[in-house]
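Report on the structure given below.
The values are calculated or read from the model by the stated rules, or taken from the named source; none is laboratory data. Values in this document were obtained by computation on a predicted structure and should not be read as measured data. Quick reminder, even Gly has a Cβ in these numbers, built from the backbone with ideal geometry, and neighbours come from all protein chains shown.
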Amino acid sequence: MSLSAHVRTHRGSFELDATIGAADGETIGLVGPNGAGKSTVVRALAGLLALDGGHMTLDGTTLDGEGIRVPVRERPVGVVFQDLRLFPNLSALDNIAFPLRAARIPRDETRRRAGELAERLGIATRKQAPPAELSGGEAQRVALARALIRRPRLLLLDEPLSALDVAARREMRTLLRAVLGSFDGIAVVVSHDPVDVMTIAGRVVILEGGHVVQDGTPEEIRRRPLSAYASEWVGVNLFRGTLSPLEPGVARLLTADGELFVAVRDPLPPETEVIATLRPSDVSIHTHPPAGSARNVIAGRISSVSIGDRARVVLAGKPPIVAELTLGSLRALDLVEGRDAFASFKATELTVVPA
Amino acid sequence: MNGDASPGIPRAVLALALAGAAFVLLPIVGLAARAPWSDLGTVLSRETTTKALVLSLVVSLSAAMLCLLAGVPLGLALARARLPGQAVVRALVMLPLVAPPVVGGVALLSAFGRRGIVGRWLAHLGVSLPFTAGGAIVAATFVAMPLVIIAVEGGLRSRGVELEEAAETLGASPWLTLRAVTLPLLRPQIVAAFVIAWARALGEFGATITFAGNVSGRTQTLPLAVFEALQTDPGAAIMLSVLLMGVSLATLVALRGRLFAS
């Protein structure tokens, strides 16, 4: 593991004690309810907050712990703050070039490299604009470029999409996926939106009350969420595919491994790339073909049953569906692994966002 | 005054506000009414007047610059550093603002006078501040510096340290952060501080007359010249006052809203 951090700190009665590890090239989604300590973890990893205990090692170099505390400015860590913190007195380009200027790189090279990165992130035409004149999406890109230009080994992104409107959010999500996909360091993305996390991060760390309650791939968390927050926010069904109009109010979502019917309010252009989410608690499981009005009925074999406060059932259909039901229904239906069953849910239960 | 523009201001408050405005305006009107305008030329062309005017400008501008030189770092340190005894230092450096200027003059004599704790060493080096133009600059700097400290500290405190933190994560040294982020953002406050300090220095009387004396052509600034003229030639005193008032008014007009906007 290339990042190994045990972040321990406390503020008043709030105690943070979280262990986070990651390999090179990995993108971690850090999620949790408000007040869970997500931003505190970011500040601690950036070195802006002194640890009370624990340690942090990046690429084999100890940045915190064992009596060591590497100054913030010497850490190979880039931060995109939630409030961006662009320097209002500098142009977009000079903001992006700032870290190179700090590294005493000659001005020509600084400007050239900043210009190239601005181009790559699609803000080449806005280079001379002061931050106050940038749109939300442009400002976000400038902040991202500024954090990336020094090629940090660890990139921290605190709610990088939360301030954006729907359209800008979609573009930024796509851009982030591309940028992080080619980033060879480690990225930690803080978010409270399951779609953002699961489309950007390969692994999710769930923080609640200052402690890590779960750490796994989105798939693992979907299969077996370990807390109410995990099942509510991260454990949702996620389908990516192409949406085509079918009849008024209904569209067909073609995924890589199946198809679904989705209620749509406005007419949409054909072949729209979307991500649809479905809460497992909105899915019903039947042992016989259901006769109700639910538009989506998926047949398949039960591939996993996990039991907590409620039961989670994974149906290996086309596409695979995770359902959540009470322990009572689980017992009444006698659902066990290997049994054939049907999942049903209404077209209106799916929430669609542009991919 | 338009009723829509001032919602919810009680009549009694408006009446008091009018009285306050009249109180400030009447002396200015009085000055203009009583001024022997026909003597303007003779008073202005007197050698003592021109010398006092030039000295006043030199002293007040030098003092304002010294105030920035020391006051900006002090304001920065008070707002951002976490040093032991900081609260005590803050209270003490504000003292010249509230202490009577004449007391300030006496204190300056005790420090930089010929027998002062520093002055006696300066005397060994052949430097003597009291009763020199340098002394007048020191006196004006002493009384005006708290205004710079307040402006700088207030400007920094209204903003927080978010941008400096960001600069730090981007690899900036404290010096680069100061140069590229903190000072440029503090520019409006520094400009305002310079002007306020300059205005305060221009009007300085008590500490100057105590520490630097009232030597025509050497330490007699315009306010001291006004004071002296008042005892011998009241008409000239009024003309000089009009002159000082004019300089101040020009400053206010030049700054317009900028002084108190931030």
Test: A:Pro270 is assigned by TED's automatic domain parsing to the domain that holds A:Asp158 and part of a loop (DSSP other than H, G, I, E, B):
no
Can you pull out every residue in segment A:214-237 that is more than 18 Å from A:Asp282 (Cβ to Cβ) and assigned to a helix (DSSP H, G or I)?
A:Pro218, A:Glu219, A:Glu220
Here, strands (runs of 3 or more DSSP E) confined to segment A:44-90 with at least 3 residues that are within 14 Å of chain B (Cβ to nearest Cβ) and touching a helix residue (DSSP H, G or I) at 6+ places or on another chain (Cβ under 8 Å) are A:77-80
Does segment B:160-177 contain any residue that is farther than 24 Å from A:Pro71 by Cα, of a type in the set (Ser, Thr, Tyr) and either more than 10 Å from every other protein chain (Cβ to nearest Cβ) or buried (at least 21 other Cβ atoms within 10 Å of the Cβ) (or both)?
no
When every residue in segment A:91-106 that is outside any helix (DSSP H, G or I) and touching a residue at least 12 places away in the same chain (Cβ under 8 Å) is compared, the one nearest to the other protein chains (Cβ to nearest Cβ) is A:Ala103
Contact list please: Cβ distance under 9 Å, first residue in segment B:245-262 and of a type in the set (Phe, Trp, Tyr), second residue modelled with pLDDT of 85 or more and assigned to a helix (DSSP H, G or I), pairs at least six apart or on different chains.
B:Phe260/B:Ala192
Residue check: is B:Pro184 touching a residue at least 60 places away in the same chain (Cβ under 8 Å), within 29 Å of B:Val89 (Cα to Cα), assigned to a helix (DSSP H, G or I) and of a type outside the set (A, V, I, L, M, F, W, C)?
no
Go through B:Val43, B:Val59 for me and flag whichever is at pLDDT below 90, in contact with a Ser or Thr (Cβ under 7 Å, 6 or more places away or on another chain) and either part of a helix (DSSP H, G or I) or surrounded by fewer than 16 Cβ atoms within 10 Å (Cβ to Cβ) (or both).
B:Val43
Looking only at segment A:265-289, which residues are under 25 Å from the mean Cα position of the chain (by Cα) and aliphatic (A, V, I, L, M)?
A:Val274, A:Ile275, A:Ala276, A:Leu278, A:Val283
Condition first: within 14 Å of chain B (Cβ to nearest Cβ) and out of contact with any strand residue (DSSP E or B) (no Cβ under 9 Å at 6 or more places or on another chain). Can you find one or more residues in segment A:140-160 that meet it?
yes
If you go through segment B:181-197 one residue at a time, do you hit one that is buried (at least 23 other Cβ atoms within 10 Å of the Cβ), under 25 Å from B:Phe112 (Cα atoms) and not hydroxyl-bearing (Ser, Thr, Tyr)?
yes
Determine which member of the set A:Gly317, A:Gly300, A:Gly258 is more than 28 Å from the chain's Cα centre (by Cα) and of a type outside the set (S, T, N, Q).
A:Gly300
Within segment A:191-208, is there a residue that is surrounded by fewer than 18 Cβ atoms within 10 Å (Cβ to Cβ) and more than 25 Å from A:Leu164 (Cβ to Cβ)?
no
So, A:Thr62, is that one surrounded by 14 or more Cβ atoms within 10 Å (Cβ to Cβ) and closer than 27 Å to A:Ala102 by Cβ or not?
yes
Just a yes or no: is a residue in segment B:140-148 touching a Cys at 6+ places or on another chain (Cβ under 8 Å), touching a residue at least 60 places away in the same chain (Cβ under 8 Å), among the polar types (S, T, N, Q) and crowded, with 16+ Cβ neighbours inside 10 Å?
yes
Hey, can you tell me all the residues within segment A:107-137 that are of a type in the set (Val, Ile, Thr), under 28 Å from the mean Cα position of the chain (by Cα) and within 14 Å of chain B (Cβ to nearest Cβ)?
none
